[in-house]
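Novice: Attaching a single structure in structure tokens format; questions to follow.
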Amino acid sequence: MKMLLAAMALAISWTCVAQAGEARTRYTIKRGDVAIDVIDEGKGPLMVLLPSSARDSEDYDAVAEGLAKAGFRVLRPQPRGAGASVGPTEGITLHDLADDVAVTIETARDGRAIVVGHAFGNWVARMTAVDHPNLVRGVVIAAAASKAYPKELLVSLRDAGNVTLPDAQRIAALKVAFFAPGNDALVWLAGWHPGMAAYQRPIIAAPKEEEWWSGGSAPLLDLQALQDPFRPRSTANDIKAEFGDRVTIATVDNASHALIPEQPDAVVAAIAGWARTLKP
């Protein structure tokens, strides 16, 4: 990894003015044939935010701003295929995606990071903690699916991000799989990346949980949305039962699998509160 970093070219460009005193910058990290588009804001202990499947890290705008205000430096590497992030996608695995996160953390030169993964992003977060334990001081698994979620939900997942379908069908799918009753599913009608879905699909189909499920030995915050069909209430304590005191459970009401756009303030409060309990 150090040799790879030595060979990287780093370009930085400003994208907007300071927000609440914390500047948001955007730059690209280049490593071989991979370019990682990073949104960087705030000062303090390092956090990295990873988005859901076929979505990009701009879903986290409100959460990132809140965490920056709470005293953290927040990095959002765009997945390959989003923003200016590019790289091989044929036959890649979670290990490759975790390497992208690791390079982002090392390039920041700001110590170990808390890695937050939303939905599919929690697979990448846990894989990063397994493959690069020296870079990760904690993992937040936000709206993490249980091993026993109803597999018919994958139809709604597929339809929600299928931009060739009628909007009405996609909105119905979003309401089934992603948004709690009364929450605005329209906010996720846009923002899907079909190319990203294509390379993530085989990873989701064959998850190889034995490789990433443990999240290494890092402390885990299991941030659950109470109306998430991918996390039936009967499975709420499964991860803590498996990994014991490494795991802290926090819940967010009036939220489903989308979670981040549904209850950003509650997400910020839960993550920031837990992060402050960790050792540096």
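The values are calculated or read from the model by the stated rules, or taken from the named source; none is laboratory data. Note that the structure is a prediction, hence the values are computed from the model and not measured. Neighbour counts run over all protein chains shown; Cβ positions are idealised from the backbone, glycine included. The area values use the complete protein model at the heavy-atom level, side chains included, leaving out ligands, DNA and RNA. Shrake-Rupley method; radii C 1.70, N 1.55, O 1.52, S 1.80 Å.
Novice: What accessible area per residue comes out for region 38-145, rounded to a whole number of Å², with a 1.4 Å probe? Don't skip to the end; give the middle numbers.
Specialist: Details: 2870 Å² over 108 residues.
Per-residue value: 27 Å².
Novice: If you don't mind, there's one more thing I want to ask. Can you tally the net charge around residue 220? Count Lys and Arg as +1, Asp and Glu as -1, for every other residue whose Cβ sits under 12 Å from the Cβ of residue 220.
Specialist: Details: positive: 126, 137, 240, 246; negative: 222, 242, 245.
Its environment carries a net charge of +1.
Novice: Please give me the summed charge of the neighbours of residue 174: other residues whose Cβ is under 15 Å from its Cβ, Lys and Arg +1, Asp and Glu -1.
Specialist: Net of charged neighbours comes to -2.
Novice: Between exposed trypsin sites (Lys or Arg not before Pro) in the chain, where DSSP calls loop and at most 11 other Cβ atoms lie within 10 Å, what's the longest gap?
Specialist: Formally, the longest exposed-site-free interval is 152-275.
Novice: Cut-off 10 angstrom, C-alpha nodes, Gaussian network model of the chain. Which of 136, 163, 176 fluctuates the most?
Specialist: Looking only at 136, 163, 176, the largest GNM fluctuation is found for 163.
Novice: With contacts defined as alpha carbon pairs under 8 Å and 6 or more residues apart, what's the relative contact order of region 97-248 in percent?
Specialist: 29 percent.
Novice: With a 10 Å cut-off between alpha carbons and a GNM built on the chain, which of 125, 190, 82 moves the most?
Specialist: Of the options given, 190 has the highest mean-square fluctuation.
Novice: Calculate for the chain the 222 nm mean residue ellipticity that helices alone would give, adding -39,500 (n - 2.57) per DSSP H run of length 4 or more and normalising by residue count, nearest 500 deg cm²/dmol.
Specialist: Estimated from H runs of four or more residues: -9500 deg cm²/dmol.
Novice: Given R₀ = 25 Å, FRET efficiency for residue 84-residue 209 by Cβ-Cβ distance, to 0.05?
Specialist: FRET efficiency, residue 84 to residue 209: 0.20.
Novice: Quantify, in whole percent, the carbon and sulfur part of the accessible surface of region 132-218 (1.4 Å probe; protein heavy atoms only).
Specialist: On the way: 2510 of 4090 Å².
So the carbon and sulfur contribution to the accessible surface is 61 percent.
Novice: For region 162-205, with every protein chain kept in place, what is the accessible area per residue (1.4 Å probe, Å²)?
Specialist: 51 Å²
Novice: Another question about this same structure. Within straight cross-link reach of residue 279, meaning Cα distance under 22 Å, which lysines are found once same-chain residues fewer than 8 apart are removed?
Specialist: The qualifying lysines are 43, 69, 240.
Novice: Which of 235, 164, 107 ends up with the largest GNM mean-square fluctuation for the chain, with Cα atoms connected below 10 Å?
Specialist: 164
Novice: Sticking to Cα atoms, compute the Rg of region 178-252 to one decimal and its Dmax as the biggest Cα-Cα distance, whole number, in Å.
Specialist: Expressed in Å, the Cα Rg and Dmax of region 178-252 come to 15.4, 39.
Novice: May I ask you to list the GluC sites (Glu not before Pro) in region 17-103 that are in a DSSP loop and have at most 15 other Cβ atoms within 10 Å of their Cβ? Mind showing how you got there, number by number?
Specialist: Values: sites: 22, 41, 58, 65, 90; in loops: 90.
Hits after loop and neighbour filter: 90.
Novice: Can you match Cα extents along the principal axes in Å to one of these, (i) 62, 43, 36; (ii) 58, 44, 40; (iii) 46, 43, 40, based on a calculation from the structure here?
Specialist: For Cα extents along the principal axes in Å, the calculated option is (iii).
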